[in-house]
Amino acid sequence: MLQDYLLVCLSFVISFFVVYISTKIWIHLAHKKRIVAPDAHKKGTPDVANLGGIPFAIHLVIYLIAGLLVSNLTYGLVIILSTLIGFAVGFLDDFKDLGLKKVVLAFFASIPILAFGAYVPRPLFPFIGGTRLYIVYPLIVIATYLVVVNACNMVDTHNGILAIQAFFVLLSMLVFAILLNELQNVLFLTIALGAILGFLMLNKYPAKVFWGNCGSYAVGALLATLIIISRKEYIALVALLPTILQGFVVIMSVGGFMTRLLIRERKGRDSYVVNGIIYPSLRYDAPISIPRLIYLSSGPIDEKTLVKKYTLLFMLSFVLSLITGYFVYFVRL
């Protein structure tokens, strides 16, 4: 047992430093090669290193090693392949706007887990426990990828938001993996948690690096894969509520699926910035989003304050996910 936990701790530390150090190197290289994007929510819109999904992807090789250590190379390969497919879709979108095609292309990230059969078609329901959904579950797998991947892309609007949400989602699943003594799940979730925290150190306010679409799609695919493999669907669903809600309210407010560019052309932005202070848009038809709702309720604020309020929302969903997990695993009707 002690040896297992030492392995888990070592995996966390290695994953953290692999992503942190590689991202530090990437930041220097990105500025040198002008792979940057303006930070629109800060005074003077400073340039920030972009496409942080590239150094983040380097940590994927650790899953291969972890798969060998727990004698389940298939799961390690599935995590790597699904995440790389998500990364590839986002990378293409970074250089050539795919429009709404990228929403559908997220489907391909689900192919490895379906092809290898790396899922258990008996999801756990609160109060009930295991169920049998052999025919329907593959469709649930596909839907999970489509929702989570695109939701992660849509929530990546301010410094650290995506990484903070991913941290709480992974932590909620990890808590129950530990309680249930699921070494394999603990190991895979810990590697992901270390990688997310390593990137967060440089992506938090004030951000020194952005995810880019390649990063947000990779994170979405990684989360979706770990949700299915670890069988923590309901826990993750609750932990992801702010992210899913962000995507839902934006889509509903603009009247359907639209790219960010098209939304700005037709509806404008949900906010505007003056000297580093963010104000809600006063257009009656402006897109509705969680940040805009925060601006409207609290008044104009700076990005640092917005991130704090968003983090409180993520913490609330995390607590609710723990309550959900208790009813899933420890309460039966």
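The values are calculated or read from the model by the stated rules, or taken from the named source; none is laboratory data. Keep in mind that what you see is a predicted model, and the values were worked out from it rather than measured. For neighbour counting, all protein chains shown are included, and Cβ atoms are generated from backbone atoms with ideal geometry for every residue, glycine included. Surface accessibility is based on the protein's heavy atoms, side chains included, excluding ligands, DNA and RNA. Shrake-Rupley method; radii C 1.70, N 1.55, O 1.52, S 1.80 Å.
In this view, the solvent-accessible surface of SER230, computed with a 1.4 Å probe and all protein chains in place, comes to about 10 Å². Within the stretch 18-55, the trypsin sites (Lys or Arg not before Pro) that combine a DSSP coil assignment with at most 15 other C-beta atoms in a 10 angstrom radius are ARG34, LYS43. To the nearest Å, what is the center-to-center distance of the stretch 56-133 and the stretch 10-37, using C-alpha atoms only? After rounding, the separation between the Cα centres reads 23 Å. The Cα center of the stretch 151-227 and the Cα center of the stretch 311-333 differ in position by 18 Å. Based on C-alpha pairs under 8 angstrom that are at least 6 apart in sequence, the stretch 44-136 has a relative contact order of 19 percent. Structural descriptor for the chain: relative contact order 25 percent, calculated from alpha carbon pairs under 8 angstrom and at least 6 residues apart.
Note on PHE12: accessible area is roughly 60 Å² with a 1.4 Å probe, heavy atoms of protein only. Across the stretch 85-165, the mean sequence separation of Cα contacts (distance under 8 Å, 6 or more residues apart), normalised by length, yields a relative contact order of 25 percent. Each label point was placed 7 Å from the Cα along the Cα-to-Cβ direction; for LEU183 and MET315 their separation is 3.5 nm.
Which of the pairs LYS102/LYS309; LYS33/LYS208; LYS33/LYS96; LYS32/LYS204 have their Cα atoms more than 27 Å apart in this structure?
From the list (LYS102/LYS309; LYS33/LYS208; LYS33/LYS96; LYS32/LYS204), the Cα-Cα distance tops 27 Å for LYS102/LYS309.
Solvent exposure of ILE229, expressed as accessible area, is near 10 Å², computed with a probe of 1.4 Å over the protein chains only.
Across the stretch 52-58, rounded Karplus estimates of 3J(HN,Hα) from the backbone phi angles (6.51 cos²θ - 1.76 cosθ + 1.60, θ = phi - 60°) give x, x, 5, x, 4, 5, 4 Hz, Gly and Pro being marked x. In this structure the amide hydrogen of ASP302, modeled in the peptide plane, comes within under 5 Å of the amide hydrogens of ILE278, none closer than 5 places in sequence on its chain. Average accessible surface for the chain: 45 Å² per residue, computed with a 1.4 Å probe over protein heavy atoms with every protein chain in place. Surface composition of the chain: carbon plus sulfur atoms hold 70% of the accessible area, using a 1.4 angstrom probe and ignoring ligands, DNA and RNA.
The 1.4 Å probe gives accessible areas that order VAL36, VAL319, largest first, as VAL319, VAL36. Our helix-only sum for the chain, with -39,500 (n - 2.57) per DSSP H run of n ≥ 4 divided by its residues, gives a mean residue ellipticity at 222 nm of -22000 deg cm²/dmol.
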